[in-house]
């Protein structure tokens, strides 16, 4: 999936509501229809398009009478980052990857160890602890990234102010800022990342 495809899907309020609800727990079509007050036919079209985009997966549950129920749930963790500033516009879509570096991470080793625990309650406790530790680590890095981006924005603003003091044309100022690394990102850098 590309970032712009995900934005198209998220641009619809009904689809965002579906994602919100099924991220809390898997839901079947009739549950979603009842909770959201939307016709089943309309919801089915939304669910189908999100399934095709690999945002949702479907699991069937057999029942004693009638057709099996289809339960929709989030397919995988997807992260979309959109940056809009005077210097850039970029989108970056991230889905889990299974690179060699990740296979050797401490958390991956802990996960493998937890999966090997035979008692389900002990396994669940170990997985819960890993999840808590990873969430704390994510918060730390997100905070550090935000602080670094804030400083970079301040540096770019100060650079623009310094260049404004020079008696240059707009084009010359823009070129100078690019040369010193304080201007808008290059065309290659600012292309939409997927």
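A few points about this structure:
- All conditions but one from (1) out of contact with any strand residue (DSSP E or B) (no Cβ under 9 Å at 6 or more places or on another chain); (2) in the same structural domain as residue 18 (by TED's automatic domain parsing) apply to residue 70; the one that does not is (1).
- Considering region 138-185, and only residues there that are in a loop (DSSP other than H, G, I, E, B) and within 25 Å of residue 79 (Cβ to Cβ), the residue that is farthest from the chain's Cα centre (by Cα) turns out to be 184.
- In the set 16, 65, only one residue is at pLDDT below 95 and either in contact with a strand residue (DSSP E or B) (Cβ under 7 Å, 6 or more places away or on another chain) or farther than 29 Å from residue 82 by Cα (or both); that residue is 65.
- Screening the candidates 98, 107 for the property of being assigned to a helix (DSSP H, G or I) and either at pLDDT below 80 or in contact with a helix residue (DSSP H, G or I) (Cβ under 7 Å, 6 or more places away or on another chain) (or both) yields one hit, 107.
- Any hit, region 23-37, residues being surrounded by 14 or more Cβ atoms within 10 Å (Cβ to Cβ) and modelled with pLDDT under 85: no
- On the stretch given as region 74-88, residues that are part of a strand (DSSP E or B) and in contact with a strand residue (DSSP E or B) (Cβ under 6 Å, 6 or more places away or on another chain) total 5.
The values are calculated or read from the model by the stated rules, or taken from the named source; none is laboratory data. All values derive from a computational prediction rather than experimental measurement. With ideal geometry, Cβ positions are generated from the backbone for all residues, glycine too; neighbour counts draw on all protein chains shown.
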